[in-house]
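Working notes for the structure below.
The values are calculated or read from the model by the stated rules, or taken from the named source; none is laboratory data. Predicted model, so just to flag it, every value in this text is computed and none were measured. Glycine also receives a Cβ, built like all others from the backbone with ideal geometry; neighbour counts cover every protein chain displayed. Quick note on the areas: whole protein, heavy atoms, side chains included, nothing else; ligands and nucleic acids left out. Shrake-Rupley method; radii C 1.70, N 1.55, O 1.52, S 1.80 Å.
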Amino acid sequence: MNTETRQTIHLGINFLVSPVPPLDSSSKLRFQQSLATYGIDFSHVELKERELVVMRETSPRLEIKIAALPGAPLVQLLIVSPDPRCELGLFIKDTEAIIEAFEATWSIPNRQIISSDVTVRDLYES
């Protein structure tokens, strides 16, 4: 493996949070405003029954998904940059801004992060 040929192909961070915030039209608009306030550009927003999806299709691509888990009092906050083509620092900066926007939109007392995980996928020449 040639370590100098590293190419990052996927970045993601996932949180499971309790309690579940309301996912409705008014919170969708508030979240969009919060994202804009914290400097996150996006091109598409979709509100489904128990899920809010925000996408940025320009580089670096970004997908934000807030989904209430069926049968559990938990919500998933998933932030993914497929094919990031950017420095890890830029993804971290975007993630911090998204978390701030999430907190500004749904400031729920006694919120708990139940679990979190991070995925970084790299390709190397061999």
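Residues in segment 59-109 that are over 19 Å from residue 29 (Cα atoms) and β-branched (Val, Ile, Thr): 80, 92, 95. Taking first residues from segment 86-101 that are within 19 Å of residue 66 (Cα to Cα) and partners that are open to solvent by 80 Å² or more (accessible area, probe 1.4 Å) and modelled with pLDDT of 90 or more, the Cβ contacts under 6 Å between residues at least 6 apart in sequence or on separate chains come to 97/38; 100/38; 101/38. Restricting 114, 99 to those that are in contact with a Leu (Cβ under 6 Å, 6 or more places away or on another chain) and of a type in the set (A, V, I, L, M, F, W, C) reduces the list to 114. Residues to consider are 96, 49; find the one that is modelled with pLDDT under 95 and either open to solvent by 40 Å² or more (accessible area, probe 1.4 Å) or in contact with a helix residue (DSSP H, G or I) (Cβ under 7 Å, 6 or more places away or on another chain) (or both). Checking each option against the conditions leaves just 49.
The selection criterion, being open to solvent by less than 70 Å² (accessible area, probe 1.4 Å), within 30 Å of residue 1 (Cα to Cα) and polar (S, T, N, Q), holds for residue 81. Among residues of segment 1-46 being closer than 18 Å to residue 69 by Cβ and hydroxyl-bearing (Ser, Thr, Tyr), the one that is surrounded by the most Cβ atoms within 10 Å (Cβ to Cβ) is 27. Among the aliphatic types (A, V, I, L, M), farther than 17 Å from residue 105 by Cα and open to solvent by 20 Å² or more (accessible area, probe 1.4 Å): is that true of residue 88 in this structure? Judged against the criteria, residue 88 is a match. Out of curiosity, is residue 125 touching a residue at least 12 places away in the same chain (Cβ under 8 Å), open to solvent by 50 Å² or more (accessible area, probe 1.4 Å) and within 22 Å of residue 33 (Cβ to Cβ)? Considered against the rule, which asks whether it is touching a residue at least 12 places away in the same chain (Cβ under 8 Å), open to solvent by 50 Å² or more (accessible area, probe 1.4 Å) and within 22 Å of residue 33 (Cβ to Cβ), residue 125 comes out as no.
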